[in-house]
1. Any idea which residue in the stretch 6-30 is farthest from ILE133 (Cα to Cα), counting only those that are of a type outside the set (S, T, N, Q) and touching a residue at least 24 places away in the same chain (Cβ under 8 Å)?
2. Considering each residue of the stretch 121-140, count those that are among the basic types (Lys, Arg) and open to solvent by 60 Å² or more (accessible area, probe 1.4 Å), and give that number.
3. Considering each residue of the stretch 18-44, count those that are of a type in the set (Asp, Glu) and over 17 Å from TYR8 (Cβ atoms), and give that number.
4. (1) assigned to a helix (DSSP H, G or I); (2) at pLDDT below 85: which one isn't true of ARG132, the others all being true?
5. Given the criteria open to solvent by less than 90 Å² (accessible area, probe 1.4 Å), farther than 30 Å from ALA110 by Cα, touching a helix residue (DSSP H, G or I) at 6+ places or on another chain (Cβ under 8 Å) and at pLDDT 85 or above, does VAL11 qualify?
6. Being open to solvent by less than 80 Å² (accessible area, probe 1.4 Å) and either over 30 Å from THR34 (Cα atoms) or free of Cβ contacts under 8 Å to residues at least 12 places away in the same chain (or both) is the filter here; which residues of the stretch 53-63 pass it?
7. Restricting attention to the stretch 90-103, which residues are hydrophobic (A, V, I, L, M, F, W, C), open to solvent by less than 90 Å² (accessible area, probe 1.4 Å) and more than 16 Å from THR114 (Cβ to Cβ)?
8. Go through the stretch 94-119 and give me each residue that's modelled with pLDDT under 85 and part of a helix (DSSP H, G or I).
Amino acid sequence: MDGRIDYYRNVADLAHRDAVAAKVAAMQKEIWATSMQAARSSVPPFAASYAGAVNEMFDMASAQTVAQKVHPPIATYAFLGFLALVAAVLVGLNLASSNRDTLIHRLVYAVVMTAALYIIIDFEFPRIGTIRIDQSDELLIAQRQSMVDPPAVK
């Protein structure tokens, strides 16, 4: 959990992020080896459910890492730019044929289109862009704080 929190806090620093990922991978191997050793000396039903829970924990971490690294292909961004240009041409042709001052219309179109493109691209990087998912990090931190060992019973 501490490794995952550190990874997300430093997601923009690629060198530090990769070092944390390597450290977490080593911890996962150690947890798996220790878990399988404990499972071999345990009662079979408990061993199977424990191994399944550990495996599910690793699968969830892997899914989050993959989701963060997978992005749409460059062709998607190229098409988005092409779409913006086509829309600009169509709006420009329409405004050119009108008999009124179109400065405000051109400015509004430019601002709206720029904001829309920025928001679409910003969604791809939710930990380093303007639109952030810091609430998820806060949930991880709260979960980690709840994992404190209970006080010893006297």
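The values are calculated or read from the model by the stated rules, or taken from the named source; none is laboratory data. Just so it is clear, the model here is predicted, and its values are computed rather than measured. Note that we place each Cβ from the backbone using ideal geometry, even for glycine, and neighbour counts take in every protein chain shown. Remember, those area values only see protein heavy atoms, side chains included, never the ligands or the DNA or RNA. Shrake-Rupley method; radii C 1.70, N 1.55, O 1.52, S 1.80 Å.
1. So the first thing to find is which residues in the stretch 6-30 are of a type outside the set (S, T, N, Q), and the list is 6-9, 11-27, 29-30.
Filter once more, so that each one left must be touching a residue at least 24 places away in the same chain (Cβ under 8 Å): 8-9, 11-12, 21, 24, 27.
Numbers: TYR8: 10, ARG9: 12, VAL11: 13, ALA12: 14, ALA21: 20, VAL24: 22, MET27: 26 Å.
Restricting to residues being of a type outside the set (S, T, N, Q) and touching a residue at least 24 places away in the same chain (Cβ under 8 Å), the top hit is MET27.
2. Our first condition is that a residue be among the basic types (Lys, Arg); within the stretch 121-140, this holds for 127, 132.
Filter once more, so that each one left must be open to solvent by 60 Å² or more (accessible area, probe 1.4 Å): 132.
Going through the stretch 121-140 one residue at a time, the tally reaches 1.
3. Taking the stretch 18-44 as the starting set, the residues that turn out to be of a type in the set (Asp, Glu) are 18, 30.
When the remaining residues are screened for being over 17 Å from TYR8 (Cβ atoms), the result is 30.
Qualifying residue count, the stretch 18-44: 1.
4. So the condition that ARG132 fails would be (1).
5. Numbers: open to solvent by less than 90 Å² (accessible area, probe 1.4 Å): yes; farther than 30 Å from ALA110 by Cα: yes; touching a helix residue (DSSP H, G or I) at 6+ places or on another chain (Cβ under 8 Å): yes; at pLDDT 85 or above: no.
In short, no.
6. Looking only at the stretch 53-63, we keep the residues that are open to solvent by less than 80 Å² (accessible area, probe 1.4 Å), and these are 53-55, 58, 61-63.
Correct list: ALA53, ASN55, SER62, ALA63.
7. Keep residues of the stretch 90-103 that are hydrophobic (A, V, I, L, M, F, W, C), which gives 90-91, 93, 95-96, 103.
Checking the rest, the ones that are also open to solvent by less than 90 Å² (accessible area, probe 1.4 Å) come to 91, 95-96.
Listed by number, the residues that qualify are LEU95, ALA96.
8. Residues of the stretch 94-119 modelled with pLDDT under 85: 94-103, 105-106.
Of everything in the stretch 94-119, those that are modelled with pLDDT under 85 and part of a helix (DSSP H, G or I) turn out to be ASN94, LEU95, ALA96, LEU103, HIS105, ARG106.
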